[in-house]
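Report on the structure given below.
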Amino acid sequence: MATSQSRQFTYQFPPETRELDANTTAEDLSEVYTKWAETYDSYTTDSKYMAPQSCSLRLQEFLSDKDARILDAGAGTGLCGAVLKEFGYSNLDALDITSAMLEIAMKKGVYKNYIIGHMGGGHTLTIPTDTYDAVICAGVFTRGHVHSDGLDELLRIVKPGGILSFTVRQDCADDPAYGFASKIKEFSSNGAWKLLSRTTEDYHAPTANYGSCVADVYTFQVA
């Protein structure tokens, strides 16, 4: 396990995300990933993208029911789903901002339902309240992507007593423009969820071309 104190942020952004920042719109983000979909899996291999494995490991620590209904929020090309399938989970749905990424995910054959939607930014998901036993969200809360208000929607769609596991990358974890520190504190203080685990893990393991960075991996039980 890495620590934010022992690892400097040396990650080199790929051209696809280099211009993204806190002002990036959902429409801009959708355009980026629509163009990137066909080569995205190759990039994750080359950059040693570890968030799906790290987040899935934390979720399975607290979710023993292999038939639990799980949403992969920000599923992309299905990297988390593939890991969860290896862990024995079979009742998986995928949510992503663009159909192009979900079309790649479909080829992996791990999800039952595919949902296009955006978390946060004033957007409301079409998913009913208290739908899922668990939600996993890896690689979404990062620079130029979804802000902390995305957590409101994820909290809404998890059943009481359910599990929510997500990553927050180190370059935006304490940035007030994204609001993660204050949002996590708010939901902890008002009893909306209970912290089960917080670890700091490799997000991108070190490589010569991409450098490296870490993320906090949170797992909460929803009240």
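For the reader, a short list of remarks on this structure follows.
- Compared with the alpha-carbon gap, the fully stretched path from HIS123 to SER197 is longer by 23.8 nm at 0.36 nm per residue.
- Length released on extending from THR39 to ALA177, taking residue separation times 0.36 nm less the Cα-Cα span: 46.7 nm
- Inverse mean reciprocal Cα-Cα distance (Kirkwood Rh) of the stretch 20-134, Å: 14.8 Å
- Taking amide H atoms as placed 1.01 Å from N in the peptide plane, the amide H of TYR203 lies under 5 Å from those of CYS213, VAL214, ALA215, each 5 or more residues away in sequence or on another chain.
- Each stretch of four or more DSSP H residues adds -39500 (n - 2.57); spread over every residue of the chain, this sum gives -9000 deg cm²/dmol at 222 nm.
- Karplus 3J(HN,Hα) series, Hz, for the stretch 137-149 with 6.51 cos²θ - 1.76 cosθ + 1.60 (x for Gly, Pro): 9, 10, x, 9, 8, 8, 4, x, 10, 8, 7, 5, 5
- Kirkwood radius and radius of gyration were both taken over the C-alpha atoms of the chain, and their ratio Rg/Rh is 0.92.
- Filter on LYS35/LYS159; LYS107/LYS159; LYS35/LYS85; LYS107/LYS185; LYS108/LYS183 - keep pairs with C-alpha separation over 32 Å: LYS35/LYS159; LYS107/LYS185; LYS108/LYS183
Laboratory data are not the source of any read-out in this text; all were calculated from the coordinates shown. A quick note: this is a predicted structure, and the numbers were derived from the prediction, not measured.
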